[in-house]
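Here is the structure we will look at, set down as structure tokens.
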Amino acid sequence: MILLGIESSCDETAAALVEDGRTILSSVIASQVEEHKIYGGVVPEIASRRHSEAIVGVVQEALSQAGKSLADLDGIAVTYAPGLIGALLVGVNFAKGLALSTGLPLIPVHHLRGHIASNYLSSPGLEPPFLCLVVSGGHSHIVQVEDYTKLKILGRTRDDAAGEAFDKAARAMGIPYPGGVEMDRVAEEGNPAAYKLPHPHVEGAPLDFSFSGLKTAVLNLLNNARQKGEEISVPDLCASYRRAVVSCLTENFFQAAEMTGAKTLAAAGGVSANRLLRRELERLAGERGLPLYLPDKSLCGDNAAMIASQGYYEFLAGNTAGMDLNACAQRTIE
Ligand code: KG4
Ligand code: ZN
């Protein structure tokens, strides 16, 4: 079964063809990052306009790279939630138009379920159940993946998402958007013990995250240094901050693994590309003798192959939509 996946929830217009949820036939991503950089973050109105301009060409390119035509498709999977509403609407309306004109089934896919499915593409042997750390620019969840379409959130962030926490702290240090990527690179050269940062806990909810205090601590540290005319080592601060964020993520994740008796672990989302997070997850899973699955680095960020992969399992579960499908800015993964 060949599905066309379409993704437009944030600042990437993407289309991909995937066979039986596991084999990528093509994957095309048109990123708008350079355009949003000058504003220090994604400007929703610009994002929607760029999606409208790019989507036809991106879908055509995905078909052509796979050597397929519309007649070879068995369905159209599209991200319908969560994300920027104007951006989502471009993908959803395009997918609806294509489904209507071709008569193909329309399959709505939750963006974070898609991120989890990036593991199905990277590791053909992986099957639920497993425990997944889902860390993106907009969300940080510990998810129990009971089955492909049966998921339960065990822990979530109370304020900033992990990617957002990286991007905001990076911005304060003068690193351009999306700072998480660059901060990870710079941190490799720094000393993670150079600056002392807090390790926030959420009272009464041991699996939940809170990153805003950590971000404020960095802002205070930078302001104090500026006032006193002290020099800050950016690599050292990046390394210290990255270690603080990663230790919050791993501590709660492995606590959840212990509480649930998880036998298999995975991670997903843009932040799962983080070098230290990957190393730490591997080390801690290894110590416990638990198998750990990480998406290929090329599949951590937003792409449409992961949407087509999850779309396959949604289709098998009977989750298709009619022409009344709407985009949703917020919707739980459950
Ligand atoms: O999953 P994603 O591509 O988009 C959303 O669904 O939000 O995640 C984007 C986020 C951004 O905040 C970006 O800074 C962060 O993932 N990110 C990273 C790294 N690569 C991407 N954060 C830390 N280290 C990285 N290597
Ligand atoms: Zn994403």
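Calculate, in nm to one decimal, what E61 and N191 gain on full extension: separation in residues at 0.36 nm each, minus their alpha carbon distance. Before the final figure, lay out the partial values.
Details: separation 130, 0.36 × 130 = 46.80 nm, distance 4.40 nm.
The E61-N191 span can extend by a further 42.4 nm.
For the chain, give the share of DSSP beta bridges that are antiparallel, in percent and rounded to the nearest 5; count only bridges with both residues there.
Details: 27 of 43 bridges.
Antiparallel: roughly 65 percent of the beta bridges in the chain.
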Would you mind computing, in nm to one decimal, how far apart the modelled labels at K152 and K297 are, each placed 7 Å from Cα along Cα→Cβ? 3.6
Check L25: other-chain or 5+ apart residues with amide H under 5 Å from its amide H, H built from backbone geometry? L17, V18, E19
Give the shape of region 41-119 as rounded, prolate or oblate, defined through the alpha-carbon gyration tensor: a ≥ b ≥ c are the square roots of its eigenvalues, a/c under 1.5 means rounded, and otherwise the shape is prolate if a/b is larger than b/c and oblate if not. prolate
Region 98-154-region 205-224 distance, computed between alpha-carbon centres (Å): 29
Tilt relative to the chain, helix 275-288 - C-alpha long axis, 0 to 90 degrees, to 10: 90
Helix-derived mean residue ellipticity, 222 nm - over the chain, DSSP H n ≥ 4, -39500 (n - 2.57), to 500: -14500 deg cm²/dmol
What does region 128-295 give for Rg and for Dmax, in Å, if only its C-alpha atoms count? 16.0, 55
Can you tell which of A87, F315, N224 lies farthest toward the positive end of the dipole of the chain, using +1 and -1 charges on the Cβ of basic and acidic side chains (Lys, Arg; Asp, Glu)? N224
Per-residue HN-Hα couplings for region 132-139 [Karplus 6.51, -1.76, 1.60; θ = phi - 60°; Hz; x = Gly/Pro]: 10, 8, 9, 10, 10, x, x, 9
Taking the Cα atoms of the chain, what is the range of coordinates along each of the three principal axes, in descending order and whole Å? 66, 46, 33
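What does the highest-first list of 124-134, 302-312 look like by mean Cβ count within 10 Å?
Values: 124-134: 18.5, 302-312: 31.7.
The peptides rank, most packed first, as 302-312, 124-134.
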Quick query: amide H of G75 versus all other amide H atoms, modeled in the peptide plane; which residues come in under 5 Å with a sequence gap of 5 or more or a different chain? L4
What's the ranking of 138-146, 188-196 by average number of surrounding C-beta atoms within 10 Å, highest first? 138-146, 188-196
Using θ = phi - 60° and the Karplus relation 6.51 cos²θ - 1.76 cosθ + 1.60, list the HN-Hα couplings for region 94-100 in order, rounded to whole Hz, with x at every Gly or Pro. 5, 5, 5, x, 5, 5, 5
Which far-off residues, 5 or more places away or on another chain, put their amide H under 5 Å from the one on G155, with H placed in the peptide plane? I142
Would you mind checking the tilt of helix 212-228 against the longest principal axis of the Cα atoms of the chain, expressed as 0 to 90 degrees and rounded to 10? 50
Using a Förster distance of 56 Å, how high is the FRET efficiency between N319 and L222, based on the Cβ-Cβ distance and rounded to 0.05? 0.75
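Which length gain, in nm to one decimal place, applies between E231 and I38 when the Cα-Cα distance is subtracted from 0.36 nm times their residue separation?
Working: separation 193, 0.36 × 193 = 69.48 nm, distance 2.61 nm.
Gain on extension, E231 to I38, equals 66.9 nm.
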Among the listed pairs K150/K263; K68/K297; K96/K297; K168/K196; K68/K96, give every one whose C-alpha distance is greater than 22 Å. K68/K297; K96/K297
Taking a crude spin-label model, label points 7 Å out from Cα along the C-beta direction, the M259 to R331 distance in nm is 2.7
Hey, what did region 128-295 get for relative contact order, percent, Cα under 8 Å, at least 6 apart? 27
Post the alpha-carbon centroid distance, region 257-332 to region 157-199, in whole angstrom. 22
May I ask you to evaluate 6.51 cos²θ - 1.76 cosθ + 1.60, the Karplus curve with θ = phi - 60°, for each residue of region 142-155 and list the ³J(HN,Hα) values in order in whole Hz, giving x for glycine and proline? 9, 10, 8, 8, 6, 8, 4, 10, 10, 10, 9, 7, 9, x
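Every number in this text was worked out from the coordinates using simple rules, so none of it is lab data. This one's a predicted model, so the numbers in the text were calculated from it and none came from an experiment. No Cβ is skipped: glycine too gets one built from the backbone with ideal geometry, and neighbour counts run over all protein chains shown.
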